[in-house]
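Every number here is computed from the coordinates shown, using simple stated rules; none is lab data. In this text the structure is predicted, and so the values were computed from the model without any measurement. Neighbour counts are summed over all protein chains in view; Cβ atoms, including those assigned to glycine, are modelled from backbone coordinates with ideal geometry.
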Amino acid sequence: MIKTFKQLFLAVLCTLLFLCSSCLRLDDNLFNPDNTITEYKFDNYTGEVDFRLGNSYTIPQNKINRLTFTSQTPGESGSYTIHGVYLGDLNRIATDTVIMYCHGNRDHMDFYWQRAKLLANTGQKNRYGVLMIDYRGYGLSEGEPSESGLYADVNTALTWLKQNGLTSDRLIMYGFSMGTAPATIVAAIPISFALRPAKLILEAPFASAAVMVQDASRLSIPGTFVTDLKINNAEEIKKVQQPFLWIHGIDDDFLSIHTHGEIVYQNYGGSQKTAIRVPGADHDEVPLKMGFNEYLAAINNFIRK
């Protein structure tokens with residue numbers, strides 16, 4: 001039984017080798033099985049990242065709050081410790097607008113720290129709070145990755161926000177790549193989660209696990225041949241009524257804008273949607289190719305509408 005993205009990509013790779021199909025690129029942006037760390041370094045992280053921000057984007061130390069949550073799915077007998085970070089003033093959660101950033105499949109929060117910092121500069125520095133977590137099995141978070149665990153981990157973070165005074169009308173869900181799955185589910189099925197987001201932002205979303213398999217193999221292989229993941233953004237987005245911002249690189253070589261992003265955008269079930277197609281941007285290059293100022297202006301304009 002294949003339950004995680006990492007297992008999915010391994011299965012796709014094995015299938016490709018078995019079928020002797022042409023040499024294809026399985027982008028390592030979303031395939032990196034070794035994300036073991038002993039501590040979070042954030043600004044002091046020296047590993048590979050998609051981009052690095054200048055000093056003007058630095059977040060004051062008193063606005064960087066390291067957190068832990070306890071996560072448990074309905075079928076689990078025990079719980080897991082999930083690590084997170086909140087960028088902003090904890091005492092203002094009850095009045096602030098908060099962006100919950102659901103990161104992709106690679107590595108851990110250190111890898112996505114630059115992205116979280118960038119969002120914390122939306123409008124102006126720390127105008128909005130930003131919450132990011134490492135799902136179970138990522139970074140220092142305990143447990144093994146699973147689809148049900150992914151949703152439980154996000155929900156425990158939302159529960160913390162609610163306990164600290166956040167209301168649904170001030171929650172923005174932002175999902176990148178794999179993170180578009182929990183972000184979409186939270187918006188689509190609010191009854192299952194602690195908070196219902198007011199707005200949804202998806203960057204480089206995938207349509208479904210099945211489409212991912214078919215894209216990777218370039219053969220008409222049923223998705224169930226290699227995975228039983230039930231994640232299907234293209235279907236879940238039909239239930240979303242909140243305002244929706246979709247951002248995708250036109251040159252995304254991993255999750256094609258044509259077979260993934262455009263399908264999700266077209267299937268959106270509400271009446272307020274905005275599309276930003278970024279010329280020249282690969283899967284992980286949207287903020288860089290848009291330009292940080294333009295990227296932040298687009299996010300801020302969407303939130304303020």
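Using 0.36 nm per residue of separation minus the Cα-Cα distance, give me the extension gain between THR259 and LEU140 in nm, one decimal.
39.4 nm
Taking every DSSP beta bridge that has both residues in region 79-151, what percent is antiparallel when rounded to the nearest 5?
50
Measure off 7 Å from each Cα along the Cα-to-Cβ vector at ASN300 and PHE51, then give the distance between these two points in nanometres to one decimal.
My value for the distance between the label points is 1.6 nm.
So, R0 is 35 Å and r is the distance between the beta-carbons of SER271 and ASN293; what FRET efficiency does that work out to, to 0.05?
Computed FRET efficiency for SER271 and ASN293 comes out at 0.75.
Rank the residues MET173, MET178 as a footprinting-exposure proxy: fewest other Cβ atoms within 10 Å of their Cβ go first.
Arranged by neighbour count, lowest to highest, MET173, MET178 become MET178, MET173.
From the backbone phi of region 61-66, what are the Karplus-calculated ³J(HN,Hα) couplings (6.51 cos²θ - 1.76 cosθ + 1.60, θ = phi - 60°) in whole Hz, Gly and Pro given as x?
The phi angles translate into 4, 6, 10, 10, 10, 7 Hz.
Past the 31 Å Cα-Cα mark, which pairs from LYS63/LYS230; LYS125/LYS230; LYS41/LYS273; LYS125/LYS162?
LYS63/LYS230; LYS125/LYS230; LYS41/LYS273
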